[in-house]
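Student: Please read through the structure below; I'll follow up with questions.
The values are calculated or read from the model by the stated rules, or taken from the named source; none is laboratory data. Values in this document were obtained by computation on a predicted structure and should not be read as measured data. Quick reminder, even Gly has a Cβ in these numbers, built from the backbone with ideal geometry, and neighbours come from all protein chains shown.
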Amino acid sequence: MKTRMPLLNKYVCLMSLFLLFLLTGCSVGGRIYEKYDQVQEARRYEMDLNYRIFDRRSPLLYMEQSIVKEVTPKGRDYTVYDALVLNSLSYQVKDELYIIIDEEVFKPAVTSLEYENAREIQEKSEEVMRADSSTVKVVTGYTENNKKITRLSYLLDDKMIDGIRTANSVLFRYYAGPDMISIKLKGLKLKRLKRLIEK
């Protein structure tokens, strides 16, 4: 019993350190990048977020989002850049979106919008043994992967920023044909956005 206690203490200590590393690793991986733009005379803060969708009914595969805060002598602006990647059978994303902050609905104006059809072909191959025992690589087929990409940008106004500052939940809503696509900003991602606002 006396020999097991020190081992147990070491195990608990190691697990605690590992858990701490994981938690800080998540926050370090989501840094806010700071740069100075001498052309615009602006201090820029940029934050990147990634969302994976595990709902088989949703046409959205994943979304990448960049939020840029620019501070100039005239004031501060928040611009959001979204890249939505949908499956090939999905409808085109409408040129509008909504942000639901707690229960309040906002409709930011889309400042830029572009669509792209991405096509990726992967070669399938296997090694076949010849009569002389050497192997040769033989192409057995191809896999085609098509995706629809929508890129859009929009501004967050002061009312939205004030709402996000104290929000418990933030939801981004998009529409593609009959599909309603919702991306929830929560947990560490929401904390990081609040940290960006306070910079």
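Student: Here are the criteria: (1) surrounded by 13 or more Cβ atoms within 10 Å (Cβ to Cβ); (2) under 17 Å from Ile183 (Cα atoms). Tell me which single one Leu155 does not satisfy.
Tutor: (2)
Student: With respect to the numbered conditions (1) surrounded by fewer than 18 Cβ atoms within 10 Å (Cβ to Cβ); (2) at pLDDT 95 or above; (3) under 20 Å from Tyr91 (Cα atoms), which one is the sole condition not fulfilled by Arg52?
Tutor: (2)
Student: For the list (1) farther than 22 Å from Ile32 by Cβ; (2) among the acidic types (Asp, Glu); (3) part of a strand (DSSP E or B), I need the number of the one condition that Glu96 fails.
Tutor: With respect to (1) farther than 22 Å from Ile32 by Cβ; (2) among the acidic types (Asp, Glu); (3) part of a strand (DSSP E or B), Glu96 is out only on (3).
Student: From Ile161, Ile67, Ile149, which residue is within 29 Å of Gln40 (Cβ to Cβ), outside any strand (DSSP E or B) and among the β-branched types (Val, Ile, Thr)? Working first, answer last.
Tutor: On the way: Ile67 fails: outside any strand (DSSP E or B); Ile149 fails: outside any strand (DSSP E or B).
Criteria check complete, one pass: Ile161.
Student: Report whether or not Tyr98 is buried (at least 17 other Cβ atoms within 10 Å of the Cβ) and of a type outside the set (A, V, I, L, M, F, W, C).
Tutor: Details: buried (at least 17 other Cβ atoms within 10 Å of the Cβ): no; of a type outside the set (A, V, I, L, M, F, W, C): yes.
It is false that Tyr98 is buried (at least 17 other Cβ atoms within 10 Å of the Cβ) and of a type outside the set (A, V, I, L, M, F, W, C).
Student: Just checking, which of Ser112, Ser90 is surrounded by 14 or more Cβ atoms within 10 Å (Cβ to Cβ), small (Gly, Ala, Ser) and within 21 Å of the chain's Cα centre (by Cα)?
Tutor: Numbers: Ser112 fails: surrounded by 14 or more Cβ atoms within 10 Å (Cβ to Cβ).
Answer to the selection: Ser90.
Student: Next question, about the same structure. If the requirement is being under 19 Å from Leu193 (Cα atoms), exposed (fewer than 14 other Cβ atoms within 10 Å of the Cβ), under 20 Å from the mean Cα position of the chain (by Cα) and among the hydroxyl-bearing types (Ser, Thr, Tyr), which of these qualifies: Tyr81, Tyr45, Tyr33? Step through it out loud before you land on a result.
Tutor: Values: Tyr81 fails: exposed (fewer than 14 other Cβ atoms within 10 Å of the Cβ); Tyr45 fails: exposed (fewer than 14 other Cβ atoms within 10 Å of the Cβ).
After applying the criteria, what remains is Tyr33.
Student: Also, I was wondering about something else. Of the numbered conditions (1) in contact with a strand residue (DSSP E or B) (Cβ under 6 Å, 6 or more places away or on another chain); (2) more than 30 Å from Asn117 (Cα to Cα); (3) in contact (Cβ under 8 Å) with a residue 12 or more places away in the chain, Leu61 satisfies every one except a single condition; which is it?
Tutor: Result: Leu61 passes all but (2).
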